Every structure is written in C-alpha cells, then in structure tokens.
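Okay, structure first, notes after.
The values are calculated or read from the model by the stated rules, or taken from the named source; none is laboratory data. Nothing here was measured: the structure is a model prediction, and the numbers come from that model. With ideal geometry, Cβ positions are generated from the backbone for all residues, glycine too; neighbour counts draw on all protein chains shown. We work out accessible area using only protein heavy atoms, side chains counted, and drop any ligands, DNA or RNA first. Shrake-Rupley method; radii C 1.70, N 1.55, O 1.52, S 1.80 Å.
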4 protein chains.
Amino acid sequence: MNTPAQVISVPDDPERYAYSFGGGSPVVTVEPGSIVELTTEDCFGGRVRGADDLPSRVCTFPYLNPVTGPIAVAGAEPGDALAVHFVDISPARDWGVSSTFPHFGALTATHTTAMLHPALEERVWVYAIDAKAGTCRFEATRGDFAVDLPLDPMHGTVGVAPAAGERLTSISPGVHGGNMDTPELRAGTTVYFGVNVEGAMLAIGDGHARQGEGEVCGTAVETAMHTVVAVDLVKGGAPAVPRLENDDFLLSTGHARPLEDAFRISQHDLVQWTAELLGLDRLDAYQLVSQAGLAPAANVCDTQYTMVAKLPKRVLGTARAYDGVHERLRALGADHLRQR
Amino acid sequence: MNTPAQVISVPDDPERYAYSFGGGSPVVTVEPGSIVELTTEDCFGGRVRGADDLPSRVCTFPYLNPVTGPIAVAGAEPGDALAVHFVDISPARDWGVSSTFPHFGALTATHTTAMLHPALEERVWVYAIDAKAGTCRFEATRGDFAVDLPLDPMHGTVGVAPAAGERLTSISPGVHGGNMDTPELRAGTTVYFGVNVEGAMLAIGDGHARQGEGEVCGTAVETAMHTVVAVDLVKGGAPAVPRLENDDFLLSTGHARPLEDAFRISQHDLVQWTAELLGLDRLDAYQLVSQAGLAPAANVCDTQYTMVAKLPKRVLGTARAYDGVHERLRALGADHLRQR
Amino acid sequence: MNTPAQVISVPDDPERYAYSFGGGSPVVTVEPGSIVELTTEDCFGGRVRGADDLPSRVCTFPYLNPVTGPIAVAGAEPGDALAVHFVDISPARDWGVSSTFPHFGALTATHTTAMLHPALEERVWVYAIDAKAGTCRFEATRGDFAVDLPLDPMHGTVGVAPAAGERLTSISPGVHGGNMDTPELRAGTTVYFGVNVEGAMLAIGDGHARQGEGEVCGTAVETAMHTVVAVDLVKGGAPAVPRLENDDFLLSTGHARPLEDAFRISQHDLVQWTAELLGLDRLDAYQLVSQAGLAPAANVCDTQYTMVAKLPKRVLGTARAYDGVHERLRALGADHLRQR
Amino acid sequence: MNTPAQVISVPDDPERYAYSFGGGSPVVTVEPGSIVELTTEDCFGGRVRGADDLPSRVCTFPYLNPVTGPIAVAGAEPGDALAVHFVDISPARDWGVSSTFPHFGALTATHTTAMLHPALEERVWVYAIDAKAGTCRFEATRGDFAVDLPLDPMHGTVGVAPAAGERLTSISPGVHGGNMDTPELRAGTTVYFGVNVEGAMLAIGDGHARQGEGEVCGTAVETAMHTVVAVDLVKGGAPAVPRLENDDFLLSTGHARPLEDAFRISQHDLVQWTAELLGLDRLDAYQLVSQAGLAPAANVCDTQYTMVAKLPKRVLGTARAYDGVHERLRALGADHLRQR
C-alpha cells in the first residue's frame, strides 16, 4: 500500500484560472509525493456551447485556454525534474466542442503563414460524450453523417514556469511544456519537466475528449475535465525538454518551427536519453532510435509545432528512467483510485 | 478462387537495375490484375557487408539505391491510378546493414542544411536477421549491448515515372512515389500512384528489414528482398499524391520541405479523400480527420521529407476506396501465396 | 525651428538595465514629441573585451543583451502606434567585439536545429572603431589579414512591452520588436510599433558598429552606444508588425520561423500598407510590391528569424505614411543635433 | 582588343525551345571564349498578351518557361566550371506581362503549402516597356494608379544539365542553376556553374524586364529578350552551387526549402569561397562574411526557394575569383558590343 504525502483538492474557482505560464502566485502548495485533484475548464473557457457560439465572437483574447494553477511543489528548485503522473482524466461534461477559428489551424493561412486569402469559415462542432460507452460522437454539420469515435481523454496543456523570468501565454508550447497538444498525454502517463523557478509552478488545462495527431484544424474535442495527478521531484534531474513515460514507451518532445526542428529536438533528446539509460555510445543510440523509434506529430497548429519521439521500453531491458518514479507514481495513483 | 491475369517473374539481373524514375525501357510488361515476383538489392547495391565497408568508400554516386524495373503495365495511361498491392516482402539474406553517411541524416549538418561542422563519423551496423524468429538483432559497435527488434519488412522505394518528362534519381521521393521511406509500406498494403506516362513504369527497391519512423540516421536495416506484388489499374482514378491502404487504414503521403508542408499535403489529401468517400462537406471532413487521424513521420532525411496521414477505415462505415481494389488484390495475393 | 516637447536624458545606470520586454517599472516617462538621449551597453554587458573573454565564460544567462528602459510614453494606449525616430547612434567606445557562441548562429547546430555535432569553436574578434574615419577594422585571428569595413551604427534591439501580459527575454524578436537585428535600424530611420500596454514601455539596446544581413555567425560588431531618439504617438495607428521608414523606403518586418514565414509576414504587411497608402486593390498592391520591392534578410540566428520587405517611396508619389510623422521627427532631431 | 573564339548566333526557333535541363541534343556547339547571341521567349511562351489571356487558360503544362538551348561548350567536362558572362540583355518587345497564377506565389496556398482555401484570383498585368526611357510602367487593374518603374532586364532561368542523369523541368532551380529568379542576373554579371555532363549544356530563358526580390506574386515583368553572352571554361573549377560575380560583388546562391536552408547554403558557399580567395581560416571567413555580407531573397515561390549571399569585392583586396575570368569576359563582351 502506497501512501501519498498529501491528498489535496484544488478548489475549482474560475476567478483563479491563469492564462499564462510564469508569474502569479500559487493556488496551492503541495509536498512531493502528493496526489492532487483538480478541475479544468475547456480552452474556450466553457463559452462555446453550440453551433452559434463562434469562438471569435464569444471569446475574448487573451482570455483563452485557462489553466488551473499554478501549483507550487515544495522544495522544487531550478535543475530538478518535476514528475507529474496522470492518474485519471475524466470528462466533467457529457459534451465537448471543436471548431475552426479564423486564421488558425494547419490547412489555413495564419498570421504567421501570412497569405492574401480570407479566413476559412468559422464553424463549431458539438460532440456528445458517452463516458460509459467510451465514445464521443462526430456529427457532420452539412448532411447527416455521424460516427462514434473512441473516447481518449488527455490534457493539451500542462507545464511549469519558464526560465529567464519569462511569462508566456497558455496557448504556447515550449521547453516549459505548456500547450503541447499531444494525444500521448493521457491517464497512465508521467510527464517530466525541468524546474526553472522555486516551486516549479505547475499548471494544467485544455482537456480533450480525444485529439487526432497534429491537431490539424487547430482544436480537439474540447471539454472540461476532472483530473487526478501524482507529483514528485527528481532532484537535479531536469531534462532539456519535456519527457513523457508510460508503461510501454519513453517519449521526448520537441517544440519548434519549422516542424523538422521539432522533430530534431525530440529525436536528439531521445537519443541522449537512450544513451544515458543504456550506457551506449551516442552513435549507437542514434542507430538504435533510428530503427526502433516512432515519430508521431502532436500539434502542427500552435505557436510552436510539437513532435514526439517514442522508444519502446522493451528495448531497454532492465534500465529504468528516473529510478522508477513512473512506476511508483502509477502505484500511488492506483491505490488512490481504489480508495475513492 | 481468384486467378491473376498473369504470373510474371522479373529476372534478377544487376545489370538491369535502374537508378532513376523516368527514362529507360521496361524490363517486362504485365497485364492489369497480374502477380509479379521480383528481387531487389539493398540501397548500397549489396556492397556494404561489414564494419569496414564504409558506404562513402565502397559505393559510387550516383549508383545508389538500385530499383528493379521499370515494369510497364499494359493499358496504363496518364490520369489512371496504378494500384500495387504488396503480397509478400521477405528478406533475401540473413543479414542487413545500416550506417551513418557523411552529411546525411536528420541529426547532422547536410549539404542542404549547410553548416560548418565536419561530418559525423561514418559507421556501419550489421544486423543478423532471423526470419523464423521474426527478429533482426541490433548490436552496439562500442560496448556489448544487443537487443532483438521485431522484423517488419518493407520497401523504402516504390514509384512510377514522373510527369513532365522528368527523370529523377531513385533517392528522391515525390508525387511519383520514389524513395518515400515509410514503414507503412509493408506486405498487406496497397499503394496507389497517379500514372504520368504510358505503361506507368513501376519500379521497386530499397528493402528494409525494419525502419523507425523518420529514418532518423538516414538509413534503415537495409537488405535484399524477394517480393511479390499484385498490380491493377483504376482507370481515371489518379490521386494527387501516393496513397496507401491496408485492412485498417487509409493513408495519404506528403513529400516536401519544410516538414510542415509534407504534413499539410498529406492531411489535405486525406481530407479530400475522406470528403469524397463519405460525401462530406470539406470542413466536415477537415474536422473528422482532425479528431480521428494519425500523423507519423516517414522520412526526415531524404531530398524531400515524407509525412503520412492515416484514417482508421472504421470511421468510413461501408464506404470503400477505389471500389474495393485493395480487397480484391489482397485476395488475389493470398490465393497466390497458398498455391506456391 | 522645431521644438521638442521635452529633452530627456536617461541616466546610464547598469543596475537599471532590463533583460526583458514586458514587466518592470519605467526608468523615465516622456511626452510625445520628445527627444530622448540614452546610452546602451553591448549585448555581452561589456564583459567581452578581448580574445580570452569567451562569452560562455564571462556572461551569465539570462543576463544577456541588456536594454535601456523601459521608457514610458505619456498617453500611449493599446491600439496606438509608437513612432521612434533614430536621430543619432554613435559608438561609445573605440572598439567593438564579435564572437561565435556555442550552438548559436546560422551555420551551426543549435538547441533548436538540434544535431549530434559538438559546438563549433567559440572565438572572439575585436574590432578597432575609428569614428572619424568611419571604419571598423576586421582582423583575422589566424594569419594577418585585416580590412577596414564601413562603420554603420545601428541598434539590434528596440521594442515595446508585448501583448497578453507576456514577458519575453530581450534576445527574442517578435511583433513587439525586440531583438530584430536588422541593419536597417540606423540613424535616420523611424520605427513604428503597435502599443500593447499603457505607456508603450520602449526599450533599446544591442548597438552594432555594423552588421551583415542575416547576422550569420550570430553576433554583429557589438559595442556600447550613445543614442538620441525622437518619440511620438500616432493615435489608433498600431501596425500589425514593426514597420520602419527612412527617407527612401518603407519597410515592413516579419519575425517567425521558418524563414519563409518571416518573409511572408513582411511582404503581407507591405502589400497591406501599400494598398492603404495608394488606395489600391490588394492584388494590385501585391503586383506592385512584387516588381518594385526588396527583401533582405535581417537575422537568421535568433529565436525568431527576421526578414525585411522594402518599397522605394518613389513609387508612392505624394502619399505619406502616418501623415508625415517621419519627416517631422527627422526635422525635430536635426534641429536638436544642430543645437548641441 | 579582345577577340572571341567564335561569334555564334543561335537561330530563334520556337520548335527548338527546351522545357527541361538535361536530355535533348544541343542546338549549337561553341568553343570556350566565344560570344553567343540568342533570343528567348517569355515564361508564358508569348501566349499571355492581354488581360484576358489568363495563363491557366492559354498555357499548357508542361510547356511553360521555354529555354533557348541547350548550347554545348566544346571541351566542358564534369568538374569544370562553366563561366557565362551576360554582355547584354535587351527586351525584344515594348511590353511585358505579369500575373497571378492559381496556387502559385508566396502569399497564397500552393500545392506544396497545401490549404483548404480556393485559389486567389488569376489576373494579368500588362507593362509598357520604354527601352529608351529605361522604364516599364505598372498600371493598376482596378482604379487608375500608374507608376514608371526602372527597367532592369535580367534572366530568371539559366543553367546546365543536372548531375546523375537527372532531367528537371525548366521551372525548377537547383545546383544546376535553372529557374533561380534572382534580379542579380543582369548584364554585367558572370555566372559560374559546375559542369555535370560533357558539353555542360547551357540553356537560357525567362527574361524579366525587372523583378522584385523574392518574386512575391510568382512572376516578374515577363518579356522576350535579345541576349548576348560570353562563355568560357575554368577547368576543374566546379563550384558546389551557382556563383555570380559582377564588378562589385561576389555572390553565392542557395536553392532549397525551407528558406533558411537556401540561406545556409548560400552563406556556407560564400564563407568557403572567401576563405579560399583570402587564404583565411574558415571561422575568420565566417566572421568576415557575417559583418560585411548582404543577403537578399531571390525567389520565394519556385519549387526550391533561392537566397543570395553577397560580399563586396572591396574586402578582397587584390584577390581575384577564378583568375580574373569575369574581367576578361567583360572586356570581350564590351569589345563585341562596340563593334556591332
């Protein structure tokens, strides 16, 4: 039986939502080894509820993508790794929404990929979420095609305060995490961040009932979430970029433009990580990752694009990342869920 | 019982290997609906056989990446789709090789991403292939780490003659196919090309015992292959980019730099394909692909990078791509294998 | 005779240097129409003074690229344009320095264009500045080649507080300006920024005795500067990106990666600006800019790359940007210099 | 008095225009040291003559961008440099045309930067060319704005047969030259190509009465040209990329996507060239080019983007590129013009 240092519920207070990483005072401070329960609002602040709620009309920049936090972790110092294990991510509503948004998305001119085209049509899709059946339902807005897609809840946004005193909007991904928008960030996954400020200042938001790789149109099936995480520290273990781990894979992330740089960052980190865990020469690790690795897109729409590099843990033999913190937090979380 | 129009074996004649797509006379002409058996040499022309056979020493540019073909398909005309179903891909040797190559790969300066660094070390890895066990064995060149990886044979290079009278080396991918280097191109998969010249002029090479997504170091586990394909025509059905289909997924490919353009092309084509198959409005198809799709990298090292966009066929209901040619060719191939 | 609203000297206090745009309290508040005199330290904080002062050794991240400011402009509100005319930029020393820096520059692997190469050698070049002769002297570090280059003083960094409450390090360029590193920012040039916060919060630094286009190796001929600017407001005139104007050209800037997006942003804004000034249809403006415009690189090394789009004012006939504020501030500055 | 080896006029025969680099038999063979006079058709094959001649209607793919040639140069072998000095480029008509073209240009979705937008409007602009006044006249298609722009005749397309037996359409730029679309390629400039096949196989086309940097909308002021070139060989002097030289500058070109790779290639080659000419250490050359160089865009619309890196010859002292071939060919051309 694993006992958490603390079990803490973050009060769900829309007045306390943050819209940036960096700055602001913590909503709560927790000990390493704690379980934290929290609620997150969707990226539209819950304002898009139907076909007529066009985001550009009902949302007000920069009050987009609210995050719950920051949560200070006692004892976290620059150079440490903060480990955040997602114990549970459950939709807080029986519906989610997605939309196109003017000049946002992968298949449209944007303010960055600037062109002379008028914006694509802004349109909202409402998905019925059936948690029991494990589905969310796509319904065409023109014609009557509909299909149930597997529910696969995840958080698009999770991160810590950036380095160098920067304060970045919650819609940006980067080495601090933030709006990474990878479907890999589901329950059962541990994410590792390099700590940049005392307390680390973790914040979480942007729940997705599911998301395709690349988040092509710019939004996923956005919904509010009830989420449980277990947090811990690896003293002195700060990774260069956010890393993820689940029972089957190690995953490194890269956040950059152009997309090949996001790819390079993620692969470079995975090569490095593999070399360290296996005591391999770097070119040997390069070779191994080249043949054994996977490379799915996360987002190709945000201010930085995100690529993921994945290595099956099977090739690691008995080597364990971060001395097994993933396994410990997973056990801690499982016990917590059983007791609820 | 399905009967092929013809069963043809392409003689394995190293003198007849081609090194480009476009130009050259066909090694054989086959009827639509035929089974073709052929052998391919590895991308090094079989010259790299051990740690001392550095590719830059034993290979001579431009005699790299030999392809078997071109195979003319009777009746193929510009505007048609050529469907090539991979019935079987079996390593022709019990070993494969991989290597770094000066100024080639994703994590090195190249002649295109030009920098002032000297080249990374050129090094060769030899993999033992155990077809029965279904493995190929990675062995570190420094230290004694080794691990068996799953055998997953595929072809890096398959394509047709390009449009506009172009003649392109076999190391380039593009809308004509060519060196796409996606691990999705395994047995059980049908690939569709737009035909640009009479006879289509199919050629195949660059077998990989397995390949990671992105082909990070620039080469896979390269080996010679015995391969069986079933070919057919879809009159007037030319896709804009090479498309793949297997029992579970529709896949569109994009070949471009930067990598986000390869992503955009592949997603754009998948949105278009989905809209056509389901009779959906384009924005509805954009939304559906955004939530249901996958987006793995294929290669991030060749003259054009390749991304793949995948949609589970489950979301298509009863809709069938190209009137079911994939299913027909798969059945044809299965019967052929049973009879051997 | 033109009379400034105020003539204000910002005290040169290294303790007050800022290292970010956004946050911090103003060092001074000035009226629109004022002349401001200030001193800036070089990007190394003055710590690199000779061949042995390797930046990675003598500088401490994030205390790089100090800027003088922020300077609040009374009455500046979000939506206004802040016009900053550079009256004079004079080297404050008779020497400047440049250097390579590990994993920074256009022809090296970086943390973003991540590769397995070790860093290029870090090396310092010291330039003798001869203000009277108007030269700065390149001397090779290996061998005895030397050549005088024309002195062409400019500021690499000038900008305002970003939108959305962001706080960005002074090494980043963006829509708020910042580390744009364009040689176009010399005396005689007016730069226009969109105001994001009350007071605009102007800051200036990173003087260059001269800089090539692209800032290829990552640094210019860095030196401290005595600088005079004239500032004014154009109420409600906020441009989408920083714009520049000199006697001969209108210039729009784009800050993004990949470089073609920086190009697109700059050209898109110049097309828009031209259409507005001449009352042209947008496609007509697109055509005119396409034939009459210039497109030099600014930096291809910073966190965002910067491209510049230039249109000769000659094609504008009598049309004047921002109602002639450039001409007025230039006259104001000229009178001020005459009186010194 | 300089005497050319030969003075040869290439007959102007539209039946003999080529549409690719590589393949085809020479229209003429010339000795090194010769003067060649030729005529080129515009990129539309002369078919766009007024506002109603929309290119997508009157032109037929792949019969775009005709080039005059190939011209074989006697004795040219792989590894040599072919030097082509542009003695004179004179518009053959008193009008030129420009246009937008569906899904082509820098500020529009393309087949590569694939998006869901419909194409921008296709429109034609006709320019009056006044050779005597040295102007070409822009006239708006909506409203009555008009302005004379300086005539600045140049060739968008000039190149040799590619390596590796490739055959590339004349609309593609690359290391073989081709559709580089840089305004630097005007009379008075010498361009150097690496020779890939016997005879080099020079071809020239795509005359522009003038062109902005970046060729933003995708086309310049296109017109037919009467052109005189002087050609010579530098045995064994093949550059890695096309290089240019005029009386004031050395210029290296880079052709790639993304645009930063085109930038890197051009700067890398210029650093290399500078190091060789001055006997400098490579990092010293990197530093010198970084401070003294210019970096204008050439095209940001073609299948590869083109950047130019320029170094003032003033910094070279007495060093001369290619042993002074530029100066010799310029003198040869000047004498030829005087004698006409």
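For the stretch C:180-210, the tally of residues that are within 24 Å of C:Cys59 (Cα to Cα) and either open to solvent by less than 10 Å² (accessible area, probe 1.4 Å) or in a strand (DSSP E or B) (or both) stands at 10. Given the criteria of a type outside the set (Asp, Glu) and within 30 Å of D:Thr274 (Cβ to Cβ), does B:Ala81 qualify? When the stated conditions are applied, B:Ala81 does not pass them. Within the stretch B:247-265, the set of residues being buried (at least 21 other Cβ atoms within 10 Å of the Cβ) and within 14 Å of B:Val191 (Cα to Cα) comprises B:Leu250, B:Leu251, B:Ser252, B:Thr253, B:Gly254. Please verify whether the stretch D:305-312 includes one or more residues that are small (Gly, Ala, Ser), part of a helix (DSSP H, G or I) and either within 9 Å of chain C (Cβ to nearest Cβ) or closer than 21 Å to D:Asp152 by Cα (or both). Among the residues of the stretch D:305-312, not one is small (Gly, Ala, Ser), part of a helix (DSSP H, G or I) and either within 9 Å of chain C (Cβ to nearest Cβ) or closer than 21 Å to D:Asp152 by Cα (or both), which makes the answer no.
Within the stretch A:313-322, work out how many residues are at positive phi and more than 9 Å from chain B (Cβ to nearest Cβ).
Number satisfying all stated conditions: 1.
Inclusion of A:Ala5 among residues that are in contact with a Pro (Cβ under 9 Å, 6 or more places away or on another chain), open to solvent by less than 10 Å² (accessible area, probe 1.4 Å) and over 26 Å from A:Asp152 (Cα atoms) is not warranted. Across the stretch B:60-74, the qualifying residues are those that are buried (at least 24 other Cβ atoms within 10 Å of the Cβ) and not β-branched (Val, Ile, Thr), and the one among them that is nearest to D:Pro78 (Cα to Cα) is B:Asn65. Residues in the stretch A:280-295 that are within 18 Å of A:Ala321 (Cβ to Cβ) and facing chain B (nearest Cβ under 7 Å): A:Leu280, A:Leu288, A:Val289, A:Ala292, A:Gly293, A:Leu294. Taken over the stretch A:211-233, the criterion of being open to solvent by 10 Å² or more (accessible area, probe 1.4 Å) and either under 24 Å from A:Glu166 (Cα atoms) or more than 14 Å from the chain's Cα centre (by Cα) (or both) is satisfied by A:His226, A:Asp232, A:Leu233.
Can you confirm whether the stretch D:209-220 contains a residue that is at pLDDT 95 or above and away from chain C (no Cβ under 11 Å)? Within the stretch D:209-220, not a single residue is at pLDDT 95 or above and away from chain C (no Cβ under 11 Å).
Scanning the stretch A:143-168 for residues that are open to solvent by 20 Å² or more (accessible area, probe 1.4 Å) and facing chain C (nearest Cβ under 10 Å) turns up A:Ala163, A:Ala164, A:Gly165, A:Glu166, A:Arg167, A:Leu168. Considering D:Ala298, D:Ala275, the condition of being crowded, with 24+ Cβ neighbours inside 10 Å, more than 7 Å from every other protein chain (Cβ to nearest Cβ) and hydrophobic (A, V, I, L, M, F, W, C) is satisfied by D:Ala298 alone. For the residues A:Arg49, A:Arg16, A:Arg57, the requirement of being farther than 20 Å from A:Ile171 by Cβ and either open to solvent by 40 Å² or more (accessible area, probe 1.4 Å) or within 14 Å of another protein chain (Cβ to nearest Cβ) (or both) singles out A:Arg49.
Scanning the stretch C:75-131 for residues that are of a type in the set (Phe, Trp, Tyr) and buried (at least 20 other Cβ atoms within 10 Å of the Cβ) returns C:Phe86, C:Phe101, C:Phe104, C:Trp125, C:Tyr127.
Checked against (1) within 11 Å of chain D (Cβ to nearest Cβ); (2) open to solvent by less than 10 Å² (accessible area, probe 1.4 Å), C:His268 passes all but condition (2). Taking each residue of the stretch A:83-101 that is modelled with pLDDT of 95 or more and of a type in the set (S, T, N, Q) and looking for partners that are part of a strand (DSSP E or B) and open to solvent by less than 30 Å² (accessible area, probe 1.4 Å) with beta-carbon atoms closer than 6 Å, six or more apart or interchain, yields A:Ser98/A:Trp125; A:Ser99/A:Val124. Of the residues contained in the stretch C:286-306, none is found to be of a type outside the set (S, T, N, Q) and at positive phi. Scanning the stretch D:283-293 finds one or more residues that are of a type outside the set (S, T, N, Q), open to solvent by 10 Å² or more (accessible area, probe 1.4 Å) and farther than 26 Å from A:Pro258 by Cα.
Restricting to the stretch C:313-338, name every residue that is among the charged types (D, E, K, R), assigned to a helix (DSSP H, G or I) and in contact with an Asp or Glu (Cβ under 8 Å, 6 or more places away or on another chain). Across the stretch C:313-338, the qualifying residues are C:Lys313, C:Arg314, C:Arg328, C:Arg330.
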